[in-house]
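A short worksheet on the structure shown next.
Any read-out appearing in this document is the output of simple, stated calculations on the displayed coordinates, not a laboratory observation. Everything numeric here is computed off the predicted structure, so don't read it as measured data. Here Cβ is always computed from backbone atoms with ideal geometry, including for glycine, and neighbour counts include all displayed protein chains.
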Amino acid sequence: MRTIIRGGRVLDPASSTDGIRDILVEDGIIKEVAEHISTDAENVIEAEGLYVMPGLIDLHVHFREPGFEHKETIRTGARAAARGGFTTVCVMPNTKPVVDSVEMVKYVIDKAKEVTDIHVLPIAAITAGQDGEFITDFENLYKNGAVAVSEDGKSVMNARVARQAMRLAAEVGIPVFAHCEDKNLVARGVMNAGNRAKELGLYGIMNAVEDVIVARDILLAKNTGARLHLCHCSTVDSVKMTKLAKEEGIDVTAEVTPHHFTLTEDDITGDDANYKMNPPLRAKADREALKEGLKEGVMDVISTDHAPHHRTEKERPFAEAPFGITGLETSVSLTITELVDKGVLTPLQMAERMSYKPAQIINSDKGTLLPGRAADITIIDPNEEYVIDSTLFASMGKNTPFNGKTVKGRVRYTMSDGKVVYSYRPGCEIIVDKDVPKLI
Ligand SMILES: NC(=O)N[C@@H](CC(=O)O)C(=O)O
Ligand SMILES: [Zn+2]
Ligand SMILES: [Zn+2]
């Protein structure tokens, strides 16, 4: 089957392409990218005025299956991903049971294949049960499809265990995704330490809670040669340290979430747990440093840290509700509204931060529109304005602080291996799950 995507603004960082092109897709593969393709095709997608990017890749999401299916399942998470323009997502292991064995890695891969046509790649835990003591079998986890190891949700607090894990990860060649949070220093904190926390009468989380582990892990990466990826960076000093580490030639990359580059603690106006996440929304100086870091390329990627929770959990008081917000269905719009439209990123840099670089971090050959590669393609209307409505989310998690916000930039098509898994035009929105096997 052939599809032609006509006349879009093709943005492919791998070939530094930013120009009007046609793309021919045949049997799930990109066949040709050229200024004009005259071949006929069964399907034609008119993409005039639209961005055409390599399928977006989110290195950091939480689908809650198994164990917390009341928050999200792999199916609903994958539907949310498709709706948000993502063709590949890496799922964190903090499920129940934890993804800390080959058996669990296979469970996630098999389940995903059953329910979705997008790519759901498991991240395995660093220690058994994420208990911080016994390191998992990195070599076999990697061989069986884990793309990274992470203790996300917490840090490996014992520096000896953390160092040993990085030494093993370096040997195996698997990247380490670090959630940087000093468990002892955070104490009972629930939002950024500062005046806003005082006004609201809530315990604060100092920047140092993140910074001390960022510093430790960078030094351990230097010590072991591990590939270190810093998750959801939120502070000015995380950016400074990442820059310094890169200048020293240490193998470190870093991510920023849309909520951390969009909001600050001052946006928390009342007792609303939709603003509660880990790390917390920080001060203006932190947000500006994150944006500058993304602009300069010190911060490599945008990841959502999509962390759905049930409505009843988020209705609890700020101090008691769980940490985390949903992000898959607002990421593209927030990136265009806050970064591209404000001149922080060019559209080509957006494709780099949301697809090309994430692919490189997990050693994937995705993230590009080069002929011969799988046809994972995201098509975006950068000019459509709309109001975010969380009731329309495909995700089961409606916990977002962005409900009601007017944004610009909307996903029009998500194509995974040549199959349109999501399409939108005003009045008609379709998400396509994996084909249901037909009875004969
Ligand atoms: N980010 C969050 O606030 N919560 C995440 C865990 C994590 O990413 O640290 C979750 O699993 O809910
Ligand atoms: Zn985390
Ligand atoms: Zn997370």
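Return an integer: the convex hull volume of the alpha-carbon atoms of segment 177-281, in Å³ per residue. Before the final figure, lay out each step's value.
On the way: hull volume 9.5 nm³, N = 105.
Here the figure is 90 Å³ per residue.
Identify the residues of segment 287-304 with backbone N under 18 Å of a label point that sits 7 angstrom from the Cα of Asp266 along the Cα-to-Cβ direction, or state none.
Output list for this probe position: 287-292.
5 Å is the cut-off here: which amide hydrogens, built 1.01 Å from N in the peptide plane, fall below it relative to Ala148, excluding neighbours closer than 5 in sequence?
Ala124
Write out the chymotrypsin sites (Phe, Trp or Tyr not before Pro) in segment 95-183 meeting two conditions: DSSP loop, and at most 16 other Cβ atoms within 10 Å of their Cβ.
On the way: sites: Tyr107, Phe134, Phe138, Tyr142, Phe177; in loops: Phe134.
Here the sparse-neighbourhood loop sites are Phe134.
Pull up all non-local amide H partners of Arg412: gap of 5 or more, or a different chain, and H-to-H distance under 5 Å with H placed in the peptide plane.
Ile379, Ile380, Asp381
222 nm [θ] for the chain, helices only, -39500 (n - 2.57) per DSSP H run of 4+, per residue, to 500? Don't skip to the answer; put the middle values down first.
Values: 14 runs with 121 residues, N = 440.
Per the formula, -7500 deg cm²/dmol.
Can you tell me which lysines have their Cα less than 22 Å from the Cα of Lys198? Leave out same-chain residues fewer than eight positions away.
By straight Cα distance, Lys198 reaches Lys183, Lys276, Lys284, Lys314.
What shape does segment 11-140 take by its C-alpha gyration tensor, where a ≥ b ≥ c are the square roots of the eigenvalues and a/c under 1.5 counts as rounded, a/b above b/c as prolate, and the rest as oblate? Spell out each step's value before the answer.
Details: a/c = 2.86, a/b = 2.38, b/c = 1.20.
Prolate.
So which trypsin sites (Lys or Arg not before Pro) in segment 142-221 pass both tests, a DSSP loop state and at most 11 other Cβ atoms within 10 Å of the Cβ? Each step should come with its number before you reach the end.
Numbers: sites: Lys143, Lys154, Arg160, Arg163, Arg167, Lys183, Arg188, Arg196, Lys198, Arg216; in loops: Lys154, Arg188.
Sparse-neighbourhood loop trypsin sites (Lys or Arg not before Pro): Arg188.
If I take the Cα coordinates of the chain and project them onto the principal axes, what are the three extents in Å, biggest first?
63, 51, 47
List, in order, the whole-Hz ³J(HN,Hα) value for each residue of segment 202-209 obtained from phi through the Karplus relation with A = 6.51, B = -1.76, C = 1.60 and θ = phi - 60°; use x for Gly and Pro.
Once rounded to whole Hz, the list reads 10, 5, x, 10, 5, 4, 4, 4.
Which of Lys246/Lys434; Lys357/Lys405; Lys113/Lys342; Lys143/Lys240 have a Cα-Cα distance over 32 Å? Could the numbers behind the result be given before it?
On the way: Lys246/Lys434 41 Å; Lys357/Lys405 28 Å; Lys113/Lys342 39 Å; Lys143/Lys240 35 Å.
The answer is Lys246/Lys434; Lys113/Lys342; Lys143/Lys240.
Taking the Cα centroid of segment 71-140 and of segment 156-229, what is the distance between the two, rounded to the nearest whole Å?
Taking the Cα centre of segment 156-229 as reference, the centre of segment 71-140 is 22 Å away.
Set the Förster radius R0 to 41 Å, insert the Cβ-Cβ distance between Leu219 and Asp433 as r into 1/(1 + (r/R0)^6), and round the FRET efficiency to 0.05. List each step's numbers first, then the result.
Details: r = 45 Å, r/R0 = 1.10.
Computed FRET efficiency for Leu219 and Asp433 comes out at 0.35.
Between the DSSP loop rule and a limit of at most 13 other Cβ atoms within 10 Å, which trypsin sites (Lys or Arg not before Pro) in segment 369-440 are left? The partial results should precede the final answer.
Numbers: sites: Arg373, Lys398, Lys405, Lys408, Arg410, Arg412, Lys419, Lys434, Lys438; in loops: Arg373, Lys398, Lys405, Lys434, Lys438.
In loop regions of segment 369-440 (DSSP not H, G, I, E or B), the sparsely surrounded trypsin sites (Lys or Arg not before Pro) are Lys438.
Divide, for segment 297-424, the radius of gyration over alpha carbons by 2.2 N^0.38 Å, where N is the residue count. Walk me through the numbers on the way to the answer.
Details: Rg = 16.0 Å, N = 128, 2.2 N^0.38 = 13.9 Å.
Relative to the 2.2 N^0.38 Å estimate, segment 297-424 comes out at 1.15.
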